[in-house]
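Student: Got a structure for you, written out below as structure tokens; questions coming shortly.
The values are calculated or read from the model by the stated rules, or taken from the named source; none is laboratory data. From a predicted model like this one, the values you see are computed outputs, not experimental measurements. As a convention, Cβ positions derive from the backbone with ideal geometry for all residues, glycine included, and neighbour counts pool all protein chains shown.
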């Protein structure tokens, strides 16, 4: 079974610090990787996607991908209280033929303390 | 970004009744939509993949006769929970893909179902 594992939380950081979220996946053939943010009681919101090895930066967010290690991470710089949420790592995996589906990790709850 | 809507946002029903949830892509056509379920403090679990004009593909353990999916147009998929029971109470979320856009999924706001 194709799995996505995230570091267990909760993760608590002070305001202004860097929050580091990690994720590993089991399907070596995966090509697309995503980070979603989910506030309590709300649906997930896509914040980063990454498809090739290396870093991808978007504002205060940096996603890192290492396909050899089957590892994806998300760094949040200058963390703000509004970043407090559950962060879901998602990996696009093949479900047979030309069909693909997203497999989600269990999520890491991040709390940014003022 | 792409907008996906869901209706209703919240529904409370009696045990044994059927509930229909609509998922619409507002500014794009979606040949493929997905239905997820999320229980409290758990991650999203894919229930089924909905393909326009064809039968849905259900994940293992999901009863296709209980969770009826219809994807009649390129902008609308519906999920009907038939004969709902309290254990079906959950947060149901749909998503849609923009074909060719690296298959990024855009999620609707979700429907919270409470079965009494």
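Student: Going by the structure shown, is residue A:2 within 14 Å of chain B (Cβ to nearest Cβ), touching a strand residue (DSSP E or B) at 6+ places or on another chain (Cβ under 9 Å), touching a residue at least 60 places away in the same chain (Cβ under 8 Å) and part of a loop (DSSP other than H, G, I, E, B)?
Tutor: When the stated conditions are applied, residue A:2 passes them.
Student: Would you pick out the residues in region A:101-114 that are within 12 Å of chain B (Cβ to nearest Cβ) and either in contact (Cβ under 8 Å) with a residue 12 or more places away in the chain or surrounded by fewer than 15 Cβ atoms within 10 Å (Cβ to Cβ) (or both)?
Tutor: A:102, A:103, A:104, A:105, A:106, A:107, A:108, A:109
Student: Take residue A:27 and tell me if it is farther than 24 Å from residue B:2 by Cα, touching a strand residue (DSSP E or B) at 6+ places or on another chain (Cβ under 8 Å), away from every other protein chain (no Cβ under 14 Å) and in a loop (DSSP other than H, G, I, E, B).
Tutor: So residue A:27 passes the test.
Student: Here are some residues: A:88, A:75. Which one is within 10 Å of the chain's Cα centre (by Cα), surrounded by 21 or more Cβ atoms within 10 Å (Cβ to Cβ) and modelled with pLDDT of 95 or more? Can you show your working first?
Tutor: On the way: A:75 fails: surrounded by 21 or more Cβ atoms within 10 Å (Cβ to Cβ).
Of A:88, A:75, the one residue that is within 10 Å of the chain's Cα centre (by Cα), surrounded by 21 or more Cβ atoms within 10 Å (Cβ to Cβ) and modelled with pLDDT of 95 or more is A:88.
Student: What number of residues in region A:75-98 are over 14 Å from residue A:37 (Cα atoms) and at the interface with another protein chain (Cβ under 7 Å from one of its Cβ atoms)?
Tutor: Number satisfying all stated conditions: 1.
Student: Considering only residues that are modelled with pLDDT under 95, surrounded by 12 or more Cβ atoms within 10 Å (Cβ to Cβ) and either away from chain B (no Cβ under 14 Å) or not in a strand (DSSP E or B) (or both), which ones fall in region A:45-66?
Tutor: Once the filter is applied, which keeps residues that are modelled with pLDDT under 95, surrounded by 12 or more Cβ atoms within 10 Å (Cβ to Cβ) and either away from chain B (no Cβ under 14 Å) or not in a strand (DSSP E or B) (or both), region A:45-66 yields only A:51.
Student: Quick one: which of B:69, B:93 is closer than 18 Å to residue B:5 by Cα, more than 10 Å from chain A (Cβ to nearest Cβ), crowded, with 21+ Cβ neighbours inside 10 Å and touching a residue at least 12 places away in the same chain (Cβ under 8 Å)?
Tutor: Details: B:93 fails: more than 10 Å from chain A (Cβ to nearest Cβ).
Matching residue, one of B:69, B:93: B:69.
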